Amino acid sequence: MRDTLVLNASFEPLSTVTLNRAVVLVLQDKAVVEQAHPGLRLRAATVELPVPRVIRLCRYVRVPFRRQAPWSRRGVLVRDQYRCAYCGKRATTVDHVLPRSHGGSDSWLNTVASCAEDNHRKAARTPEQAGMPLLREPFVPSPADAMLLGLKVGERSELPSWLAARPAA
Ligand SMILES: [Zn+2]
């Protein structure tokens, strides 16, 4: 399924997000569905909604173009959607790719979300030294991503696994 387009409250396109994140924004009342995939509903015991193709934020957000989002631990977790960069499982910690003891900085390009076990296992080593390749490279969030960070989607940005898209009955 393709990514979902996010419109500002003013209908100006801001960015795209994963379907999961789009649904979370809708369920958290931060956005409404403007356009849905025809014939598809997301369905679970207590939730049912159209599969969003376009969502619009309820509140207008100012997008700081050209300004880089300030680095934060929470920001790294949100950027990586709470997925460990080494094993893909749920991440609760932030790992410095080049360890701080080796001069690694607190920056978007040097930090990744990591589960506690992998963070502990990697310790003060580089991924190469630890034999733990990154599943994906860290990146600087775009201004639009920074907007999403500002919406505090946060910790519960994951869908329950049983909430899956199904054809409308
Ligand atoms: Zn891990």
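Which order results if GLU34, GLU48 are arranged by neighbouring Cβ count within 10 Å, fewest first? Kindly include the intermediate steps, with their values, before the conclusion.
Values: GLU34 15, GLU48 12.
If I rank by nearby Cβ atoms, fewest first, I get GLU48, GLU34.
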Quick one: if you stick a label point 7 Å off each Cα along the C-beta vector at CYS58 and SER72, how many nm between them?
2.1
Debye log10 I(q)/I(0) for the stretch 1-53, one point scatterer per Cα, at q = 0.21 Å⁻¹
-0.74
Among HIS120, HIS37, HIS96, what is the fewest-to-most ranking by other Cβ atoms within 10 Å?
HIS120, HIS37, HIS96
Percent of Cα-Cα distances greater than 13 Å, calculated over the stretch 73-130
52
Pair GLU128, LYS89: separation of 7 Å Cα→Cβ label points (nm):
2.8
Potential extension, ARG43-ALA116 segment - 0.36 nm per residue separation minus Cα distance
23.0 nm
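Computed from the coordinates by the stated procedures, all read-outs in this text should not be read as laboratory data. All figures in this text were calculated on a predicted structure; none of them were measured in a lab. Heads up, the Cβs are rebuilt from the backbone with ideal geometry, glycines too, and the neighbour counts pull from every protein chain shown.
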